[in-house]
Amino acid sequence: MPLVSFLDVEKTYRSLQGADYTAVEHFNVEIELGEFFCLLGPSGCGKTTVLKMLAGFEAPTTGQILMDGRPVTGASRDRGVVFQGDDSLYGWLTAVENVEFGLRMRHVGKTERRERAMRHLELVGLKGQEQKYPAELSGGMKQRIQIARVLANEPKMLLMDEPFAALDAQTRALMQLELAHIWRATRTTVLFITHDIDEAVTLGKRIGVMRAGPRSQVKGVVEVALNGARSRTDDGFLRYYKEVYEMIRDEVAKSIAGAS
Amino acid sequence: MSTYGGYALGFVSLFLIWQLASLYLVSSVLFPPPTVVFRKGWLLLRNGVLLEHLAASLRRILAGFLAGSLLGIPIGLAMGSFRSVRKLLEPYTEFLRFIPSVAMITVAVIWFGIGEASKIFLIIYTTIFIVILNTAAGVAAIAPNKIRAAESLGATRAQIFCHVAMPATVPYILTGMRLAMGNSFTTIVAAELIAANDGLGKMLWDGRLFMLVDEIFVSLVTLGLLGFVVDRMFRWSIYTFAGKYSPAT
Ligand SMILES: Nc1ncnc2c1ncn2[C@@H]1O[C@H](COP(=O)(O)OP(=O)(O)OP(=O)(O)O)[C@@H](O)[C@H]1O
Ligand SMILES: [Mg+2]
């Protein structure tokens, strides 16, 4: 049994003025326990919409989302979320206090939660920054605090919404490496959203390619059979890159034509 | 350092212009120069009259302002957080905030007499709505992702209220309190003008009654300085104690 199944999910945004907008329709996908699943699609196709429904922030209009065989009805600490921007961090808490937030809410003792938070800050390469406030950190550091905050809470599953989109190319490559490393160490199930083919092939075990909206669906799923550290210059990497690229090319074109 | 220098220069030029204006422009006993006002002020300070009035006004402002804030903050938080509370209380706040506290003076005096109670009631009245409105607006302005993050980290609704909604709203609360402090000055003077045995407003009224122009000006200058100092203190405490609550991020 898969860990997560989207069963014929539809999401229609009701509009007060103008027409309603159906972002996704007949959306079906299954995510296996322990896998790194990348959801790839052109901007505006409905990736964040899918994540918000799985996180439990918004309910599907029709259809169902199951996790562990039970329908998702609201947010839960089973599903930790790394958000697209940095507005989810708590500006009045230091880096380490942000990371231990979930543990504090569950009344984990002060010394233990501090110790666990520090360990996760170290894991994302932020040792020595723990007493800084978010406003004092760079965009990449804030993103890493979000990741540490979620990891320290030990959810069953990680939902990540373009976590590295705002970073420069070097930092992004470094963060991808770190994340791949963390995933291999913890084997937590990940739903990773991106619009970057290179990132999807670098990280994903499977890649779900979405169609352009409206009424977006999963067009196809590519299984990436590459093991260990992946290199952008490998033949295998390029083969998968091309396969995904062929699949998404028309969708990007449609998405741009639709937007203009 | 340059801020203090700027302030000093500003004040010196203010009193200088006043001095010149009253000596050469409107040379009249009805517009005394600052030298005369300060001499009179020094006299009133020495014989304790000024301090007595000042303390009376300040005591009323502080009592009403603190009570109004302590009531307004939880009400504003609740109104911002819960739709039902908002719907229930909005008629009160939206109706009453358009009746200025100055207009309530007569009612206050009828209800509470001319003693302390009526003044404190008026300051509470003038404080509470601004604090409620700002606090509720602050709650509404919280980024939804802050709440969502807490939810998926396992926080309960009560925890989200205490650990996310409240701290995220601190800058808005302090801004509301600062505005309310300004209004408290207006209200207390008006209330003391009409019905009081002491206070800076009473001093103004007596000055008019007995044509003590100098005393009127001493009272006015005291009000201005007092307001300036209190507001600086407020800004300073916002800066030092709540700097980390800055709305950025
Ligand atoms: N709250 C909302 N109300 C109305 N329409 C919405 C809402 N949220 C999203 N949409 C619409 O749904 C579509 C999908 O949005 P979504 O945010 O899921 O896209 P995305 O794939 O995450 O895009 P990006 O890559 O730019 O982040 C868009 O056309 C958007 O305009
Ligand atoms: Mg998105």
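The values are calculated or read from the model by the stated rules, or taken from the named source; none is laboratory data. Owing to the predicted nature of the structure, the values given are computational and were not obtained by experimental measurement. Here the Cβ is made from the backbone with ideal geometry for all residues, glycine too, and neighbour counts use every protein chain on show. Calculation scope for accessible area: heavy atoms of the full protein, side chains included, ligands and nucleic acids excluded. Shrake-Rupley method; radii C 1.70, N 1.55, O 1.52, S 1.80 Å.
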Buried by partner chains in the stretch A:55-98 (accessible area down by at least 50 Å² vs chain alone, 1.4 Å probe, heavy atoms, protein only) are A:F57, A:F83, A:D87, A:Y90, A:W92
Helix A:235-259 sits off the longest principal axis of the Cα atoms of chain A, rounded to the nearest 10 on a 0 to 90 degree scale, by 70
Note, the stretch B:82-99: 3J(HN,Hα) by Karplus (6.51, -1.76, 1.60, θ = phi - 60°), whole Hz, Gly/Pro = x, goes 10, 3, 4, 4, 4, 4, 5, 9, 4, x, 5, 5, 5, 7, 6, 5, 8, 9
Surrounding charge for B:F82, neighbours by C-beta under 14 angstrom, Lys/Arg +1, Asp/Glu -1, total +3
With all protein chains present and a 1.4 Å probe, the order of B:Y125, A:Y90, B:Y92 from largest accessible area down is B:Y92, B:Y125, A:Y90
Between B:R97 and B:Y7, the two model label points (7 Å from Cα along the beta-carbon direction) sit apart by a distance in nm of 3.1
About its Cα centre, chain A carries a charge dipole, from +1 on Lys and Arg Cβ atoms and -1 on Asp and Glu Cβ atoms, whose size in debye to the nearest 20 is 500
So for R0 = 45 Å, FRET eff. of A:A253-B:A137 from the Cβ-Cβ r, to 0.05, ends up at 0.55
Measuring from its Cα centre, the stretch B:31-245 shows a charge dipole (+1 at each Lys and Arg Cβ, -1 at each Asp and Glu Cβ) which, in debye to the nearest 20, is 620
Percent relative contact order for chain A, counting Cα pairs under 8 Å at least six residues apart, stands at 26
With Cα springs under 10 Å, the Gaussian network model of chain B assigns the largest mean-square fluctuation among B:E90, B:E151, B:E192 to B:E151
If each K or R counts +1 and each D or E counts -1, the residues other than A:F27 whose Cβ falls under 12 Å of its Cβ total +1
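Taking 60 Å as R0, compute the FRET efficiency from the Cβ-Cβ separation of A:L33 and B:Y239 and round it to 0.05. Working shown, then result.
Values: r = 51 Å, r/R0 = 0.85.
Given R0 = 60 Å and the Cβ-Cβ separation, E is 0.75.
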Once the in-chain neighbours fewer than 8 apart are removed, the aspartates and glutamates whose Cα is under 18 Å from A:K254 read A:E25, A:D196, A:E246
Note: probe point = Cα of A:K127 + 7 Å toward Cβ; backbone nitrogen < 17 Å; residues of the stretch A:136-153 passing the test are A:145, A:148
Label model pair B:D231, B:A67: point-to-point distance (7 angstrom along the Cα→beta-carbon line) in nm is 2.6
Between the alpha carbon centres of the stretch A:70-129 and the stretch A:221-260 the gap in Å comes to 33
Dipole check, chain B, charges on Cβ (K,R +1; D,E -1), about Cα centroid: among B:G138, B:I110, B:F228 the Cα furthest to the positive pole belongs to B:G138
Rounded to one decimal in nm, the spacing of the 7 Å Cα→Cβ label points at B:F31 and A:T186 is 7.3
The extension gain from A:A169 to A:E223, computed as 0.36 nm times the residue separation minus the Cα-Cα distance, is 16.9 nm
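Report, in debye and to the nearest 20, how large the dipole of the stretch A:90-154 comes out about its Cα centre when Lys and Arg carry +1 and Asp and Glu carry -1 on their Cβ. Could you put the intermediate results ahead of the total?
Details: 12 positive and 8 negative charges, 14 e Å.
So the dipole magnitude of the stretch A:90-154 works out to roughly 60 debye.
Counting only protein heavy atoms and a 1.4 Å probe, tell me what percentage of the protein assembly as shown's accessible area is made up of carbon and sulfur.
On the way: 15530 of 24850 Å².
Within the protein assembly as shown, the accessible surface is 62 percent carbon and sulfur.
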1/(1 + (r/R0)^6) with r = Cβ-Cβ of A:T111 and A:Q64, R0 = 35 Å, i.e. FRET efficiency to nearest 0.05, evaluates to 0.25
Measure of exposure for A:T171: accessible area at 1.4 Å probe, Å² rounded to 10, is 40
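With N residues in the stretch A:177-260, what two-decimal value do you get for its Cα radius of gyration over 2.2 N^0.38 Å? All intermediate terms of the calculation are to be shown ahead of the outcome.
On the way: Rg = 14.0 Å, N = 84, 2.2 N^0.38 = 11.8 Å.
Cα-based Rg divided by the globular estimate yields 1.18.
Enter the per residue convex hull volume of the stretch A:90-154, computed from alpha-carbon coordinates, in Å³ rounded to the nearest integer. The partial results should precede the final answer.
On the way: hull volume 4.6 nm³, N = 65.
For the stretch A:90-154, the hull spanned by Cα atoms encloses 70 Å³ per residue.
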